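**Student:** Next up is a structure, given as structure tokens.
Only the coordinates and a few stated rules stand behind these numbers; no lab work does. All values reported here derive from a predicted model rather than from experimental measurement. Quick reminder, even Gly has a Cβ in these numbers, built from the backbone with ideal geometry, and neighbours come from all protein chains shown.
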Amino acid sequence: MRHIVSGLMIAAVLVSVSMPLMAHHSFAAEFDSNKQVKMTGVVTKIDWTNPHVWFYMDVKDDSGKITNWGFEMGPPHLLQTSGWTRTTMKIGDTVTVQGSAAKNGTNRANARQVTTPDGKRMGAASSEGQVQP
């Protein structure tokens, strides 16, 4: 009985440790580096969390239609080493983003560079070109 309990405890630990790794994806699995996007819009939401920071913005097309887009950036610690803070970009800011669109055609992209309202160009710690576990 003691061996069964020990085995179950070890299995539970292994499963809980591997969950974050399974949730992490590679750039190539979700985004297409051949589908480059450049958009300007108003920031509506920022999720400063691991494993990737996401922000969302309303983008107006030529006909005036507004569409909300989500942009994936790198993890918070890499963004911070590049000069980002939680307040570098705020809700209501107008920013320009360059990156790679989602393969599935949804309104999502992997941000490579963000130009802030004051004109500063900041790298987004993109996973494009990096090998992910």
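**Student:** For Ile66, what charge total do you get from the other residues with a beta carbon under 10 Å from its beta carbon, if Lys and Arg give +1 and Asp and Glu give -1? Walk me through the numbers on the way to the answer.
**Tutor:** Values: positive: Lys60, Lys65; negative: Asp58, Asp61.
That works out to 0.
**Student:** Give me a comma-separated list of calculated 3J(HN,Hα) values for the range 61-78, in order, Karplus coefficients 6.51, -1.76, 1.60 applied at θ = phi - 60°, integers in Hz, x for any Gly or Pro.
**Tutor:** Once rounded to whole Hz, the list reads 8, 4, 8, x, 6, 9, 10, 8, 10, x, 10, 8, 10, x, x, x, 5, 6.
**Student:** With +1 on each Lys and Arg Cβ and -1 on each Asp and Glu Cβ, how big is the dipole of the range 26-123 about its Cα centre, in debye rounded to the nearest 20? Intermediate results must be reported in sequence, preceding the final value.
**Tutor:** Values: 12 positive and 9 negative charges, 21 e Å.
Dipole of the range 26-123, to the nearest 20 debye: 100 debye.
**Student:** Here's a follow-up. Just add up the charged neighbours of Ala101: K/R +1, D/E -1, any other residue whose Cβ is under 9 Å from the Cβ of Ala101.
**Tutor:** Numbers: positive: Lys35, Lys103, Arg108; negative: Asp32.
For residues surrounding Ala101, the net value is +2.
**Student:** Using the per-residue mean of other Cβ atoms lying within 10 Å as a proxy for protection, in what order, highest first, do the peptides 109-117, 60-68 fall? List each step's numbers first, then the result.
**Tutor:** Working: 109-117: 20.0, 60-68: 9.0.
Ranking the peptides 109-117, 60-68 by packing returns 109-117, 60-68.
**Student:** Would you mind checking which residues have amide H under 5 Å from Asn107's amide H? H placed 1.01 Å from N; only 5 or more apart, or other chain.
**Tutor:** For Asn107, whose amide H was placed from the backbone, there are no distant partners under 5 Å.
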